[in-house]
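**Student:** Here you go, one structure.
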Amino acid sequence: MEIICGYIFINRRRYSEKDTRQNRTDSASFGYREEQEMQIFEIIMLLCFGMSWPISVYKSIRSRSTKGKSAVFIIAIIIGYISGIIGKIVNHQLTYVVALYLINLIVVSIDLGLYFINAKREKIFNLRR
């Protein structure tokens, strides 16, 4: 890779079979198998978070209150999920893990929408008092 006048030029080179074998056995980089093993932990994390968000949405609908909720916290989580999706796209790792990110992102976005609906409802209720 060469940097000339602020532009990055990537030297294109065809790798021989020997080069690709050497890259696979290089201890500094992960191979396909290691990436798959690491995705298992990511899947477990997303499933655990994914189980908690529908409960949060249910409680928001049932309580019609913003107590115990923070819009800043929910937005931070949304940014985290979006960053995870972008990271997968940039690294060309479009697997079923991205679907879990999307499902969680949708449910958390619903929870954020309910937060604002409930906040408006609380504001109207407090004005009537």
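**Student:** Out of all the residues in region 66-85, is one or more in contact (Cβ under 8 Å) with a residue 24 or more places away in the chain, among the basic types (K, R) and more than 20 Å from I44 (Cβ to Cβ)?
**Tutor:** Yes, there is a match, as at least one residue in region 66-85 is in contact (Cβ under 8 Å) with a residue 24 or more places away in the chain, among the basic types (K, R) and more than 20 Å from I44 (Cβ to Cβ).
The rows are residues; the columns are (1) of a type in the set (S, T, Y); (2) part of a loop (DSSP other than H, G, I, E, B); (3) surrounded by fewer than 12 Cβ atoms within 10 Å (Cβ to Cβ).
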position	(1), (2), (3)
V57	no, no, no
K69	no, yes, no
I79	no, no, yes
L105	no, no, no
E122	no, no, no
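Each reported figure results from applying straightforward, stated rules to the coordinates on display, with no laboratory input. In this text the structure is predicted, and so the values were computed from the model without any measurement. As a convention, Cβ positions derive from the backbone with ideal geometry for all residues, glycine included, and neighbour counts pool all protein chains shown.
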